[in-house]
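Worksheet: one structure, shown below.
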Amino acid sequence: MKKQLQRQGSKDLTQYQEEQDNEETDCKVSMEEQIKTLPYEIVNNTRGIPLQQDYTFKLIVIGNSGVGKSCIMTRFLRNEFRDDHEVTLGVEFGSLFIKMEETLFKMQIWDTAGQESFQSITKTFYRGAHAILLTYSIASKQSFENLDYWYNEIKSQSEADALIILIGNQSDREEAREVSFEEGLKYKTQHDIDIFIETSAKTGNNVKDTFINTAKMLYVHHKQKIQKSKANLIEKIQRRRLKRTLSQNERNKTCAC
């Protein structure tokens, strides 16, 4: 009887694990499709009443000075662009609310200074970041060559599961291009970066899509973590039940003797 229960318990757990593995595989395969089809709504707080978000996503924008980090953030948050935008000193901050599947998220976006003199300050903002927007200018080879420095900072300072988004900004400056699209795509592939996209803060091209798709990826990952946590809890409960059943069977066997 004990061996029968062990076999049954082992079968149940194996079958359960196989089902979980299949679900995880489906999630990986369908990630791109989920991002495309996932509906969202940008929630404007027009009444001035504080909104109570369910979760907060922290995003930081990093890269060399002058690549347009502040302009990207301003374009997304306020749909504005200024040619005379002042250089960021330290860190700037903005936020926006997004609703997905009845869940309200607050996107905190941190624009960090690219100058070396502020790097000791900006390092503290890597902690707790859910996504990092690694930015260069397609019209600046130097900003692209410095990506290795920023990438190493990400790996040493940020969370291990933080998403990395590679942005080639200033795509409107095609006549001054120094970095090809293929070079950016190659860097993305070599460094296992989640997304690569070229944007223009000036025209707005791809800016909104970049932030929205990042938020969608974070949301999908968030759901997967919850599902995995529930799965682990169920498996733990199953193992405890099996252990109690085997223990009870052993006691019954002893009493029968």
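Every read-out reported here was derived from the displayed coordinates using simple, explicitly stated rules and does not represent laboratory data. Treat the numbers as computed from the prediction; the structure is a model and nothing was measured. Cβ atoms come from the backbone with ideal geometry, glycine included; neighbour counts cover every protein chain shown.
Annotations
- For the pair residue 56 and residue 176, a Förster radius of 35 Å applied to the C-beta separation gives a FRET efficiency near 0.40, rounded to the nearest 0.05.
- Length gained when the stretch residue 99-residue 41 is fully extended (0.36 nm per residue, less Cα-Cα span): 20.4 nm
- Close amide-amide hydrogen proximity is noted between residue 104 and 54, 55, each under 5 Å apart and 5 or more residues distant or on a separate chain (H modeled in the peptide plane; Pro and chain starts excluded).
- Pairs exceeding 23 Å between alpha-carbon atoms, taken from 188/225; 106/155; 36/69; 58/155; 155/202: 188/225; 106/155; 36/69; 155/202.
- Less than 5 angstrom separates the built amide H of residue 164 from those of 132, 194, 195, all sequence-distant by 5 or more or on a different chain.
- Extension gain, residue 92 back to residue 223 (0.36 nm per residue minus Cα-Cα distance, nm): 44.2 nm
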